[in-house]
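The values are calculated or read from the model by the stated rules, or taken from the named source; none is laboratory data. As the structure is a computational prediction, the values presented were derived from the model and not from experiment. Using ideal geometry, Cβ is built from the backbone for each residue, glycine included, and neighbour counts are taken over all protein chains shown. SASA here: full protein model, heavy atoms, side chains in, ligands and nucleic acids out. Shrake-Rupley method; radii C 1.70, N 1.55, O 1.52, S 1.80 Å.
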Amino acid sequence: MNQLSFSGKVALVTGAAAGIGEITAKHFAQRGATVIVSDIDAAGEAVAQSIIDAGGEAVFKQCDVSSTESVDALFDFITSKYGKLDAAFNNAGVDIEDSKLADGNIDTYNKIMDVNVKGVWLCMQKEIQLMLQSGGGAIVNTASIAGLGAAPTMSIYSASKHAVIGLTKSAAIEYAKKSIRVNAVCPAVIDTDMYRRALQGDPKKELAISRLHPVGRVGHPEEVAAAVLYLCSSDASFSTGVALPVDGGSTAI
Ligand code: NAD
């Protein structure tokens, strides 16, 4: 990764207790940001502590992004403690579907939409309000290549990630003249707990999934973190409304 500096910046990462969010929070901290590590899972406390142990600045704030009260409390904390937010990575998400559309159920629909869409929307509202008051900032949302095309047996998840891209592009245009940039990353399969759960320890499935990517492997969370930090940095000052594939060539086929 290059030497982008976030010294003096405040960065929020949701879904930061594990996977892509955890690694991105650590990369922000390594480059000088004060990081608000947020997750519904209290395991985020250990992520914040490991950042502090490594000499960085971090605080853990537990938050269920699908709850208005919980998001309000998170942003009350950020506003009173820091008074600004330079970068926000709306990454918390769930992926709990494995059925064709006609076999799906309403509980699964509600869970995925509540976290992946409502959660991003609630956080974006608060982030934009704070950024408008404090001179701007950069927001990156985690979509997916499932937000750019079909995802058989994951149609609800796919719809949720298409929605994330819709929120991203619309907000990017709405706030383009207000020094707020809004972009999305669209990972293909990334080696995290979410992926390991889907594999269920099946080596044949692992090989088949690797081969779906033109580069012949799945991605690493570090490769998504690098894209997020770039999009949040001043190097990306002319990029807004982008849905950036981080996908080993998957969407080029
Ligand atoms: P992960 O399961 O390893 O981590 C997700 C984190 O989100 C967990 O720490 C979890 O506790 C948290 N979370 C879940 N619900 C939450 C809620 N309501 N409020 C706050 N936090 C909550 O998954 P990951 O692979 O790191 O996924 C991160 C994001 O990347 C998700 O949005 C996912 O849809 C997306 N994504 C993942 C992949 C992949 O292959 N891993 C591919 C494309 C997109």
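Between Gln125 and Asp53, what is the label-to-label distance in nm when each label sits 7 Å out along the Cα-to-Cβ direction?
Calculated label separation equals 3.8 nm.
When the expected Rg is taken as 2.2 N^0.38 Å, what fraction or multiple of it is the alpha-carbon Rg of region 3-123?
Working: Rg = 15.3 Å, N = 121, 2.2 N^0.38 = 13.6 Å.
Cα-based Rg divided by the globular estimate yields 1.13.
Write down the Kirkwood hydrodynamic radius of the chain, to one decimal in angstroms, obtained as one divided by the mean of 1/r over all alpha carbon pairs.
Numbers: mean 1/r = 0.0552 Å⁻¹.
Kirkwood radius, the chain: 18.1 Å.
Compute a Gaussian network model of the chain, connecting alpha carbons closer than 10 Å, and tell me which residue from Pro221, Pro152, Pro187 fluctuates the most.
Judging by the Gaussian network model, the answer is Pro152.
Hey, can you find the accessible area per residue of the chain for me, probe 1.4 Å, expressed in square angstrom?
Details: 11830 Å² over 253 residues.
Roughly 47 Å² per residue, with all protein chains present.
If one computes the Cα centroid of region 52-86 and of region 99-130, what distance in Å separates the two points?
If we compute the Cα centre of each part, the gap is 20 Å.
Can you tally the net charge around Val47? Count Lys and Arg as +1, Asp and Glu as -1, for every other residue whose Cβ sits under 9 Å from the Cβ of Val47. Write out the running numbers ahead of the final one.
Numbers: positive: Lys26; negative: Glu22, Asp39, Glu45.
With Lys, Arg at +1 and Asp, Glu at -1, the neighbours total -2.
Could you give the length gained on full extension between Ile106 and Leu132, defined as 0.36 nm per residue of separation minus the Cα-Cα distance, in nm? The partial results should precede the final answer.
Numbers: separation 26, 0.36 × 26 = 9.36 nm, distance 3.67 nm.
Contour length minus the Cα-Cα distance gives 5.7 nm.
Relative contact order for the chain using alpha-carbon pairs under 8 Å, separation at least 6, rounded to a whole percent? Write out the running numbers ahead of the final one.
Working: 517 pairs, mean separation 48.7, N = 253.
That works out to 19 percent.
Hey, what does the equivalent ellipsoid look like for region 78-218, semi-axes from the Cα gyration tensor as sqrt of 5 times each eigenvalue, largest first, whole Å? The partial results should precede the final answer.
Working: eigenvalues 197, 55, 37 Å².
They are 31, 17, 14 Å, listed largest first.
Loop only per DSSP, at most 14 neighbouring Cβ atoms within 10 Å: give me the trypsin sites (Lys or Arg not before Pro) in region 86-122, ordered by residue number. Mind showing how you got there, number by number?
Numbers: sites: Lys100, Lys111, Lys118; in loops: Lys100.
For trypsin sites (Lys or Arg not before Pro) across region 86-122 that sit outside H, G, I, E and B with at most 14 neighbouring Cβ atoms in 10 Å, the list reads Lys100.
For region 153-201, what does the convex hull of the Cα positions come to per residue, in cubic angstrom? It would help to have the intermediate numbers written out before the result.
Working: hull volume 3.9 nm³, N = 49.
For region 153-201, the hull spanned by Cα atoms encloses 80 Å³ per residue.
Provide the solvent-accessible area of Tyr230, counting protein heavy atoms only and rolling a 1.4 Å probe, rounded to the nearest 10 Å².
It works out to around 90 Å².
Which net charge results for the neighbourhood of Ile106, defined as the other residues with beta-carbon distances under 14 angstrom from its beta-carbon, given Lys and Arg at +1 and Asp and Glu at -1?
Working: positive: Lys111; negative: Glu97, Asp103, Asp107, Asp114.
Around Ile106, the charge tally is -3.
Nothing charged except the Cβ atoms of Lys and Arg (+1) and of Asp and Glu (-1): what's the magnitude of the dipole of the chain about its Cα centre? Round to the nearest 20 debye. Don't skip to the end; give the middle numbers.
On the way: 21 positive and 27 negative charges, 145 e Å.
Taking the Cα centre of the chain as origin, the dipole is about 700 debye.
How compact is region 208-253 by the rule of thumb for globular proteins, expressed as Cα Rg over 2.2 N^0.38 Å?
Working: Rg = 12.5 Å, N = 46, 2.2 N^0.38 = 9.4 Å.
Rounded to two decimals, the normalised Rg is 1.33.
Averaged across orientations, what area in nm² does the convex hull of the alpha carbons in region 176-227 project?
Numbers: hull surface 19.2 nm².
Seen from a random direction, the Cα hull of region 176-227 projects 4.8 nm² on average.
How far is helix 19-30 tilted, in degrees, relative to the longest principal axis of the Cα atoms in the chain, given as a value from 0 to 90 rounded to the nearest 10?
30 degrees
Full extension from Lys84 to Glu45: what is 0.36 nm times the residue separation minus their Cα-Cα distance, to one decimal in nm? Intermediate results must be reported in sequence, preceding the final value.
Values: separation 39, 0.36 × 39 = 14.04 nm, distance 2.21 nm.
The Lys84-Glu45 span can extend by a further 11.8 nm.
Assuming a strict under-14 Å limit between Cα atoms, what lysine pair count do you get for region 81-172 once near-sequence pairs (fewer than 8 apart, same chain) are dropped?
5
Just to check, using Stokes-Einstein with a Kirkwood Rh over alpha carbon pairs, what's the diffusion coefficient of region 56-139 at 10 °C and 1.306 mPa s in µm²/s? All intermediate terms of the calculation are to be shown ahead of the outcome.
Numbers: Rh = 14.2 Å.
Approximately 112 µm²/s, per Stokes-Einstein.
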